Amino acid sequence: MKAKLYLLLALIVTVATHAAEPSLGDAIRQFAPAAVPVKDYLVRDDSDGRGPQLVQWNAALGPQPTAADIATAKTALTAARATAAAKVTAETTSFSALSDKLDAGNLSAAELRQVLTLIVARLRKLER
């Protein structure tokens, strides 16, 4: 039972807290959450060492974000992801202790609800 619960939690943690650097698209969504790629903005990488660049912007979205705006948004997203990862680590530690109790047959109904709440919370975050 414990192995199955750990496997489920590991999968949820991995998907929910991917530590990759925020993309240009991630940063753009901070300025225009409803923007649709290609329709509202275009990102292109010319393989010239500069990486992806914002090359087209729909003026109806408001002013085009500057390189500094995008860098600031990426920094904020990186910090938010680090905070989320730290929270997941704490939840995983708590989950581990509860899982040990479950294996020993010492898990109360309240603690079982806590385990299920952690799992459901992770799944809900994945749906967003």
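The values are calculated or read from the model by the stated rules, or taken from the named source; none is laboratory data. In this text the structure is predicted, and so the values were computed from the model without any measurement. When we count neighbours, we look across all protein chains shown, and the Cβ atoms used for this are built from the backbone with ideal geometry, even at glycine. Calculation scope for accessible area: heavy atoms of the full protein, side chains included, ligands and nucleic acids excluded. Shrake-Rupley method; radii C 1.70, N 1.55, O 1.52, S 1.80 Å.
The residues listed here are Lys125, Lys87; of these, the one that is of a type in the set (Lys, Arg) and closer than 22 Å to Pro33 by Cα is Lys125.
Here is a check on your reading of the model: is Leu61 open to solvent by 70 Å² or more (accessible area, probe 1.4 Å), at pLDDT below 95 and out of contact with any Leu (no Cβ under 9 Å at 6 or more places or on another chain)? In short, no. The sole residue among Thr75, Thr83 that is modelled with pLDDT of 80 or more, exposed (fewer than 12 other Cβ atoms within 10 Å of the Cβ) and not charged (D, E, K, R) is Thr83. Restricting Leu102, Leu112, Leu98 to those that are assigned to a helix (DSSP H, G or I) and touching an Asp or Glu at 6+ places or on another chain (Cβ under 6 Å) reduces the list to Leu98.
Scan region 25-51 for residues that are of a type in the set (S, T, N, Q) and loosely packed, with under 10 Cβ neighbours inside 10 Å and the total you get is 1. In this structure, Thr14 qualifies as surrounded by 11 or more Cβ atoms within 10 Å (Cβ to Cβ) and modelled with pLDDT under 90. Of the residues Leu107, Leu54, Leu98, the single one that is surrounded by 13 or more Cβ atoms within 10 Å (Cβ to Cβ), without any contact (Cβ under 8 Å) to a residue 40 or more places away in the chain, closer than 30 Å to Phe31 by Cβ and over 22 Å from the mean Cα position of the chain (by Cα) is Leu54. Count of region 26-64 residues, restricted to those that are more than 21 Å from Ala80 (Cβ to Cβ), touching a Lys or Arg at 6+ places or on another chain (Cβ under 8 Å) and not in a strand (DSSP E or B), is 1. Of everything in region 86-95 that is free of Cβ contacts under 8 Å to residues at least 24 places away in the same chain and under 15 Å from the mean Cα position of the chain (by Cα), the residue that is least open to solvent (accessible area, probe 1.4 Å) is Ala86. On the stretch given as region 40-63, residues that are more than 17 Å from Ser23 (Cβ to Cβ) and among the basic types (Lys, Arg) total 0.
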